Amino acid sequence: MARKIIDFFFSKNGIFTGIWITTIILFTTYIYFQGEDYRQIARKPALSTKEIVGTLSNGKVMERYIVPYHGRFHYVYVVEDVVSINKKSINGKTTNIETEVFYNKKK
């Protein structure tokens, strides 16, 4: 019995089967871990993940909030009184980035 198993794995069919199973396992593992960062951020409350992007020339700090939505990240940029939201939009076969900017003028 053991001899038949050994002969199978060293035959052409056995080698092909081993390579095929290994490829499936590695591909599945790769796909699973690609979404790990999304799953970690999606568990947190909305707009709780904040990053400092930089400082503008006038001294204002630009912050970016990450919003997980339908398996993708959307970004909200905030600079004191200006907020911009970037999101992907699909028009047929074309994917575009749309930006909405909101300005609250201080009195």
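The values are calculated or read from the model by the stated rules, or taken from the named source; none is laboratory data. Fair warning: this is a prediction, and the values are worked out from it, not measured in the lab. A quick note on method: Cβ atoms are made from the backbone with ideal geometry, for glycine too, and the neighbour counts reach across all protein chains shown.
Checked against (1) among the hydroxyl-bearing types (Ser, Thr, Tyr); (2) part of a strand (DSSP E or B); (3) surrounded by fewer than 10 Cβ atoms within 10 Å (Cβ to Cβ), residue 57 passes all but a single condition, namely (2).
Criterion applied to 99, 23 was being at pLDDT 80 or above and not in a strand (DSSP E or B), and the one residue passing it is 23.
Number of residues in segment 78-100 that are over 18 Å from the mean Cα position of the chain (by Cα) and surrounded by 10 or more Cβ atoms within 10 Å (Cβ to Cβ) equals 9. Does any residue of segment 30-50 turn out to be modelled with pLDDT under 80 and part of a strand (DSSP E or B)? Yes.
The listed residues are 47, 56, and the only one of them that is free of Cβ contacts under 8 Å to residues at least 24 places away in the same chain and out of contact with any Leu (no Cβ under 7 Å at 6 or more places or on another chain) turns out to be 56.
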